[in-house]
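A short write-up of the structure that comes next.
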Amino acid sequence: MILRLILGDQLNHQHSWYDAQRNDVLYVMMEMRQETDYVAHHVQKVVAFFAAMRAFAEHLRDHNHAVFYFALDHPENQQTLAENLRFVINQHKVTHFEYQLPDEFRLDEQLLDFCESLPFTSQGVDSEHFLSERGELARFFTGKKTYLMESFYRMMRKKHNVLMDGKEPATGQWNYDADNRKTLPKNHQPIAPLLFERDVSDLLNLLEKQGVATIGNIDPTAFIWPVTRPEGLEMLRFFTESCLPYFGTFQDAMIPGGWSLYHSRLSFLMNAKILHPLEVISAAVAEWQKRPDVVAYAQVEGFVRQIIGWREYMRGVYWAKMPDYKSLNFFGHTRKLPEWFWTGRTKMNCLKDAIGQSLDYAYAHHIQRLMITGNFALLAGVHPDELDAWYLGIYIDAIEWVEITNTRGMSQFADGGIVGTKPYVSSANYIDKMSHHCGGCFYDKTQKIGPKACPFNALYWHFYDRHQDKLERNPRIGMMYQTWKKMNPETKAQIIAQAETNLARLDEL
Ligand SMILES: Cc1cc2nc3c(=O)[nH]c(=O)nc-3n(C[C@H](O)[C@H](O)[C@H](O)COP(=O)(O)OP(=O)(O)OC[C@H]3O[C@@H](n4cnc5c(N)ncnc54)[C@H](O)[C@@H]3O)c2cc1C
């Protein structure tokens, strides 16, 4: 008997493993405390993974594949990968073990150790999901300190012949990012998101009975996220038909209550491998080809760049830099996350909204993650470990390979500039420009000093001031220091004092 392991984020219906039905192959899948407990996860994240795994096991059985499934409360479930594998190996006459290469470093190590301990042969095979190999980015940037996403993106476009005309970009221009930064007009009504309504009461009872600690909210009888392949395809269709025409234009926009706007919400489906990145890209390109008058090229290029560019790039950085990446802390930040990161109870409207919706939906879009929660935490000097645990727990799409590179790298600049060329920080100015949050806020976006001053303003200058030795020579930041130096010394002292007051009472902001 050959035993093949399918991890919870390896739900790839099109994998070549399933091309042939074989009666000498047993597939094994497992719900485990090892995976539910390494951080406090959002309840919707745990439910989404378990529901998707169960649906995938059903799909395999329907196609006459043999599956051994450890539910969380299976009497023989030892709750760890190696022990469960040993149990199945002892029960069945297993003579060979196969697994798809995992995307997380810790699982990779566990599986390598496990295979070494086996008295028979084993093999790790490709998960047939990503568009680049694990080590491809490292090879592409050999000898470079900074890994410029744009050059990797262009290479990937050429390699997969996406939006290309021979060796040149289809329209003569590679990147339309500059067209994609519009704020939403005041009276704009964004489209209502497509929501599913799955009854997940059984799974919730299971989690409760087993004492799995989770965060966030959920509707037990109307779970909104797609977890099967037909549902995933429906979500993809909804995105290309209804959201893609506005995707790029309003990609960075934020409005109160507009929790997903024109974003695709396909990250969970792709990260669990239910959808393949090429089929997602192809659907978007096909929509542009079908309706070029409705779907402008800039929208499609912007979307394609996120997937063939950023997503593959982050995975490449992960494999190039782990395990050291996990402990990088360039600024030496040490603070704890404010309590309201777990409740949303803050007087800052933008943070209340971003955190509140994260607790309600296990989702926030990129700019909310980067320029609201991430921005605040970086200005406040929060330890990147605290941030990793929060981002890894709260978002439905959070898997370490893509969470840590975005959090430590892009958002916190804790890698000292491997992913980003400068830290993503802003004062209230940017938030006001891109959102409708500041108008009704308790704090005043225009003030730097005083009890009503928006905390982002003083913290912004405090950040630059305290890290001057590390940032002043960065050519993309030099200008900020010119402005800071020219400021009246008395005002500067007041700003620093205001920031210190804010930092001393973060929980009350
Ligand atoms: C601090 C921080 C933490 C993040 N953590 C995660 C995470 O745990 N998991 C995750 O999948 N993404 C993460 N991202 C990236 C991005 O925010 C999410 O992929 C995106 O918000 C998912 O929503 P969507 O599917 O609606 O994306 P859309 O805006 O519709 O974008 C389409 C797709 O592009 C890909 N994509 C876009 N930006 C990125 C990026 N920076 N890195 C990788 N892929 C990207 C995603 O697969 C996404 O589904 C994080 C970003 C930040 C700033």
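The values are calculated or read from the model by the stated rules, or taken from the named source; none is laboratory data. Quick caveat, the model's predicted, so the values are computed rather than measured. Positions of Cβ are backbone-derived with ideal geometry, glycine not excepted, and every protein chain shown enters the neighbour counts. We work out accessible area using only protein heavy atoms, side chains counted, and drop any ligands, DNA or RNA first. Shrake-Rupley method; radii C 1.70, N 1.55, O 1.52, S 1.80 Å.
Might you check whether a residue that is open to solvent by 10 Å² or more (accessible area, probe 1.4 Å) and closer than 22 Å to H129 by Cα occurs anywhere in region 88-98? Yes, the conditions are met somewhere in region 88-98.
For region 189-204, filtered to residues that are under 20 Å from H437 (Cβ atoms) and touching a residue at least 40 places away in the same chain (Cβ under 8 Å), the residue that is surrounded by the fewest Cβ atoms within 10 Å (Cβ to Cβ) is P190. For region 498-505, the condition holds for at least one residue, the condition being that it is of a type in the set (A, V, I, L, M) and free of Cβ contacts under 8 Å to residues at least 40 places away in the same chain. Kindly indicate whether K186 is open to solvent by 20 Å² or more (accessible area, probe 1.4 Å) and either in a helix (DSSP H, G or I) or closer than 30 Å to S151 by Cβ (or both). No, not satisfied. Here region 244-268 is the region considered, the condition is being near the ligand (Cβ under 8 Å from one of its atoms) and of a type in the set (A, V, I, L, M, F, W, C), and the residue that is surrounded by the fewest Cβ atoms within 10 Å (Cβ to Cβ) is L266.
Note on region 343-367: among residues that are in contact with a Leu (Cβ under 8 Å, 6 or more places away or on another chain) and open to solvent by 50 Å² or more (accessible area, probe 1.4 Å), the one that is nearest to N180 (Cα to Cα) is K347.
For L392, the stated conditions hold: it is outside any loop (DSSP other than H, G, I, E, B), near the ligand (Cβ under 9 Å from one of its atoms) and surrounded by fewer than 23 Cβ atoms within 10 Å (Cβ to Cβ). Among the residues in region 456-479, are any in a loop (DSSP other than H, G, I, E, B) and small (G, A, S)? Among the residues of region 456-479, not one is in a loop (DSSP other than H, G, I, E, B) and small (G, A, S), which makes the answer no.
For region 121-150, residues that are within 24 Å of the chain's Cα centre (by Cα), hydroxyl-bearing (S, T, Y) and either modelled with pLDDT of 95 or more or open to solvent by less than 40 Å² (accessible area, probe 1.4 Å) (or both) total 3. For R408, state whether it is open to solvent by less than 10 Å² (accessible area, probe 1.4 Å), among the basic types (K, R) and modelled with pLDDT of 95 or more. So R408 fits the description; yes. Hey, does region 347-357 have a residue that's of a type in the set (S, T, N, Q), in the same structural domain as I394 (by TED's automatic domain parsing) and over 30 Å from D108 (Cα atoms)? Scanning region 347-357, I find at least one residue that is of a type in the set (S, T, N, Q), in the same structural domain as I394 (by TED's automatic domain parsing) and over 30 Å from D108 (Cα atoms), so the answer is yes. Check whether at least one residue in region 313-327 is open to solvent by 10 Å² or more (accessible area, probe 1.4 Å), more than 13 Å from the ligand (Cβ to nearest atom) and not in a helix (DSSP H, G or I), and report yes or no. Yes: region 313-327 contains one or more residues that are open to solvent by 10 Å² or more (accessible area, probe 1.4 Å), more than 13 Å from the ligand (Cβ to nearest atom) and not in a helix (DSSP H, G or I). Residue-level analysis places M235 outside the set of residues that are assigned to a helix (DSSP H, G or I), within 9 Å of the ligand (Cβ to nearest atom) and on the phi < 0 side of the Ramachandran plot. The number of residues in region 404-452 that are part of a loop (DSSP other than H, G, I, E, B) and farther than 30 Å from Y325 by Cα comes to 16.
Consider A398 carefully, then state whether it is within 11 Å of the ligand (Cβ to nearest atom), part of a loop (DSSP other than H, G, I, E, B), modelled with pLDDT of 95 or more and open to solvent by less than 10 Å² (accessible area, probe 1.4 Å). Criteria met by A398.
Taken over region 426-451, the residue count meeting the criterion of being touching a Phe, Trp or Tyr at 6+ places or on another chain (Cβ under 6 Å) and surrounded by fewer than 21 Cβ atoms within 10 Å (Cβ to Cβ) is 1.
Let's see how each residue does on (1) free of Cβ contacts under 8 Å to residues at least 60 places away in the same chain; (2) over 30 Å from K144 (Cβ atoms); (3) of a type in the set (D, E, K, R):
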position	(1), (2), (3)
Q251	no, no, no
A272	no, yes, no
A283	yes, yes, no
D293	yes, yes, yes
R305	no, no, yes
G309	no, no, no
M314	no, no, no
A320	no, no, no
R345	yes, yes, yes
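If you go through region 272-290 and keep only what is open to solvent by 10 Å² or more (accessible area, probe 1.4 Å) and either aliphatic (A, V, I, L, M) or near the ligand (Cβ under 10 Å from one of its atoms) (or both), you end up with L278, A283, V285, A286. Regarding region 368-385, can at least one residue be identified that is surrounded by fewer than 24 Cβ atoms within 10 Å (Cβ to Cβ), modelled with pLDDT of 95 or more, among the aromatic types (F, W, Y) and more than 8 Å from the ligand (Cβ to nearest atom)? The answer is no; no qualifying residue exists. So for region 39-49 (the condition being open to solvent by 40 Å² or more (accessible area, probe 1.4 Å) and not in a strand (DSSP E or B)), does at least one residue qualify? For region 39-49, residues open to solvent by 40 Å² or more (accessible area, probe 1.4 Å) and not in a strand (DSSP E or B): present.
Listed by first and then second residue, the pairs with beta-carbon distance under 8 Å, at least 6 apart or on different chains, first residue in region 228-239 and within 17 Å of E197 (Cβ to Cβ) and in the same structural domain as A272 (by TED's automatic domain parsing), second part of a helix (DSSP H, G or I) and open to solvent by 10 Å² or more (accessible area, probe 1.4 Å), are T228/A55; T228/H59.
Within region 453-471, one or more residues are over 30 Å from the mean Cα position of the chain (by Cα), over 29 Å from L148 (Cβ atoms) and outside the structural domain of F268 (by TED's automatic domain parsing).
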